[in-house]
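The block underneath contains the structure these notes are about, expressed in structure tokens.
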Amino acid sequence: MSFLFGGGRPQLSSAEKIAAAETEVEMISDMFNRLSQSCTKKCIPPEYREPDLNKGESVCLDRCVSKFFEVNLKVSEKMQGEAAQRGGAGGGMSGFGM
Amino acid sequence: MSFLFGGGRPQLSSAEKIAAAETEVEMISDMFNRLSQSCTKKCIPPEYREPDLNKGESVCLDRCVSKFFEVNLKVSEKMQGEAAQRGGAGGGMSGFGM
Amino acid sequence: MSFLFGGGRPQLSSAEKIAAAETEVEMISDMFNRLSQSCTKKCIPPEYREPDLNKGESVCLDRCVSKFFEVNLKVSEKMQGEAAQRGGAGGGMSGFGM
Amino acid sequence: MDGLNASEQREFQGRMEKKQMKEFMTMYSNLVQRCFDDCVNDFTTKSLHAKEEGCVMKCVDKYLKGSERLGQRFQEQNAAMMQSGQLPGR
Amino acid sequence: MDGLNASEQREFQGRMEKKQMKEFMTMYSNLVQRCFDDCVNDFTTKSLHAKEEGCVMKCVDKYLKGSERLGQRFQEQNAAMMQSGQLPGR
Amino acid sequence: MDGLNASEQREFQGRMEKKQMKEFMTMYSNLVQRCFDDCVNDFTTKSLHAKEEGCVMKCVDKYLKGSERLGQRFQEQNAAMMQSGQLPGR
């Protein structure tokens with residue numbers, strides 16, 4: 001999340017460091033919630049004939065997570081590229097993993 | 001909400017008790033918002049020919065609330081059953097009313 | 001936002017004044033998020049043939065903002081009218097701009 | 001809510017008032033968005049026409065009446081559930 | 001999360017516990033709403049009928065299994081991404 | 001915002017900065033979710049194919065341009081409304 005917090009910022013107070021860690025967790029959890037919402041909608045039809053995930057649904061969920069990460073990475077790269085062009089700070093927001 | 005807060009937890013500080021009461025209210029209010037969203041969508045067609053609820057819409061809303069509560073109860077029972085099987089704490093989250 | 005905060009309330013503490021200003025900003029930002037969601041859905045088809053907004057999309061977005069403000073104003077007037085009828089405090093919540 | 005003493009009750013009440021304000025604002029925003037979404041679909045003009053405005057007005061009325069009714073039923077059901085010993089078989 | 005000292009860690013943990021509780025409640029509410037939306041569409045009766053109830057039960061099971069699977073994949077991908085030096089070409 | 005003194009202003013500014021950060025993150029998450037939802041619908045492969053990737057790139061561009069335009073119009077309208085004495089007939 002150095003893209004957001006400015007990797008090289010000198011000294012943060014305790015409260016600031018905790019807030020930053022909290023923000024990071026919030027962002028990861030927000031992304032997981034959105035991914036869950038999108039992938040459930042795309043992979044699990046609303047009929048519920050059986051209580052288990054069938055093979056097709058399982059594989060679809062796995063691939064859906066992969067593709068969601070890839071989209072997140074593409075978007076993140078694109079936005080860093082544009083921030084850099086405008087003379088931005090650099091650093092890197094590399095998706096979920098900070 | 002003893003399911004969540006552990007009915008028999010010994011002594012809570014003031015701050016913890018207030019936070020628990022707050023969480024309870026938040027949960028009830030979240031459930032009401034979701035119920036409103038679902039029941040409005042299911043019972044009120046987006047045409048708005050008259051400003052009043054007609055008979056059919058009114059009855060539909062009433063039954064929708066009943067069924068939403070029933071679903072909430074079923075889900076809550078099911079999750080408690082599973083938590084109990086895994087050797088969970090027991091207690092009971094009995095839907096909205098704690 | 002005097003409709004909400006009671007225009008003529010005598011003396012607010014610092015904390016209350018800051019909270020009121022915060023609430024105001026939150027409300028404006030919430031409205032912008034909702035407007036963005038609605039107008040994007042209504043004006044930008046999910047095909048993405050080109051990276052730029054075309055003429056039709058741009059004009060649609062502009063008009064969509066106008067109409068959203070107008071709806072907000074109508075709703076706000078209507079609710080104030082009803083609050084006034086019930087002997088409410090008066091005052092006025094004139095849409096986003098307080 | 002039961003186990004709070006008087007000063008805890010006061011603190012709790014204060015927080016609830018803030019929450020009610022937020023609830024009201026969320027309700028208001030939902031109302032605006034819903035009636036806009038359902039009633040306004042023509043962007044060949046930049047002002048609402050009579051038909052759209054009429055739709056919005058009826059939408060607001062109906063939405064408020066619907067919310068009130070839902071709120072009443074919700075409270076009844078919630079009260080019944082709490083009284084019944086909360087959980088069937090308990 | 002890395003640069004926190006012991007007392008900061010404790011404070012952080014405390015906040016995370018509150019957040020987890022909220023996450024759990026959000027998950028629970030999503031589950032109720034989703035299964036209600038998908039399974040209950042008949043309002044000629046005021047109680048669930050057998051078919052609706054069966055649908056809800058299967059829906060809950062499937063939803064929980066789906067969430068678990070999504071959670072596992074998410075953690076794997078997230079770990080992989082952090083290990084890879086986070087960004088390609090860095 | 002008007003009636004705040006200097007130290008209240010500072011406190012307020014500090015809170016606004018936190019809020020802006022959250023707003024940015026919400027905007028970013030919305031963008032990722034929307035472009036994913038609109039562009040990725042084939043789960044016979046585990047990596048994006050060229051067509052999906054192209055769609056995502058155009059989607060991001062269009063979304064950002066759309067948001068910018070919406071933001072400008074919103075500010076204009078909001079300014080106009082505040083200047084007009086806020087409410088018609090007041």
- Selection within the range B:52-68 - under 16 Å from E:Arg34 (Cβ atoms) and surrounded by fewer than 21 Cβ atoms within 10 Å (Cβ to Cβ): none
- Some residue of the range F:49-59 being in a loop (DSSP other than H, G, I, E, B) and either surrounded by 18 or more Cβ atoms within 10 Å (Cβ to Cβ) or at pLDDT 90 or above (or both): yes
- Task: State whether one or more residues within the range D:28-36 are surrounded by fewer than 16 Cβ atoms within 10 Å (Cβ to Cβ) and of a type outside the set (A, V, I, L, M).
- Result: no
- Within the range C:34-61, the residues that are under 20 Å from D:Val56 (Cβ atoms), free of Cβ contacts under 8 Å to residues at least 12 places away in the same chain and not hydroxyl-bearing (Ser, Thr, Tyr) are C:Arg34, C:Gln37, C:Lys41
- Within the range C:28-51, residues surrounded by 18 or more Cβ atoms within 10 Å (Cβ to Cβ) and either of a type in the set (A, V, I, L, M, F, W, C) or in a loop (DSSP other than H, G, I, E, B) (or both) come out as C:Met31, C:Phe32, C:Leu35, C:Cys39, C:Cys43, C:Ile44, C:Tyr48
- Query: Going by the structure shown, is F:Val60 over 23 Å from C:Cys64 (Cβ atoms) and β-branched (Val, Ile, Thr)?
  - Reply: no
- Task: Under 9 Å between Cβ atoms, at least 6 apart or on separate chains: pull out the pairs that start in the range D:1-24 with a residue that is touching a residue at least 40 places away in the same chain (Cβ under 8 Å) and end on any residue that is among the acidic types (Asp, Glu) and surrounded by 10 or more Cβ atoms within 10 Å (Cβ to Cβ).
- Result: none
- When the residues of the range F:11-22 are filtered to those that are at the interface with chain C (Cβ under 10 Å from one of its Cβ atoms) and of a type in the set (D, E, K, R), which remaining residue is farthest from C:Pro51 (Cα to Cα)? F:Glu11
- In the range B:11-27, what count of residues is obtained for those that are surrounded by fewer than 20 Cβ atoms within 10 Å (Cβ to Cβ) and under 13 Å from the mean Cα position of the chain (by Cα)? 4
- Note on the structure: E:Met25 vs (1) more than 10 Å from chain A (Cβ to nearest Cβ); (2) of a type in the set (A, V, I, L, M, F, W, C); (3) touching a Lys or Arg at 6+ places or on another chain (Cβ under 6 Å): all pass except (3)
- Message: So, in the range D:1-40, exactly how many residues are over 30 Å from D:Glu53 (Cβ atoms), polar (S, T, N, Q) and in a helix (DSSP H, G or I)?
- Response: 4
- Note on the structure: Picked from the range E:45-55 (must be over 15 Å from B:Ser66 (Cα atoms) and of a type in the set (A, V, I, L, M, F, W, C)), the residue farthest from the other protein chains (Cβ to nearest Cβ) is E:Ala50
- Item | Residue match in the range D:46-54 (condition: under 19 Å from C:Leu35 (Cα atoms) and among the hydroxyl-bearing types (Ser, Thr, Tyr)) | yes
- Task: Pick out the one residue from C:Phe68, C:Phe96, C:Phe3 that is modelled with pLDDT of 95 or more and within 11 Å of chain F (Cβ to nearest Cβ).
- Result: C:Phe68
- Message: Quick test of your reading of the structure: D:Phe36 fulfils all but one of (1) of a type outside the set (Val, Ile, Thr); (2) under 18 Å from the mean Cα position of the chain (by Cα); (3) within 9 Å of chain B (Cβ to nearest Cβ); (4) within 17 Å of B:Glu47 (Cα to Cα). Name the failing condition by number.
- Response: (3)
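The values are calculated or read from the model by the stated rules, or taken from the named source; none is laboratory data. These figures come from a predicted structure and were not determined experimentally. With ideal geometry, Cβ positions are generated from the backbone for all residues, glycine too; neighbour counts draw on all protein chains shown.
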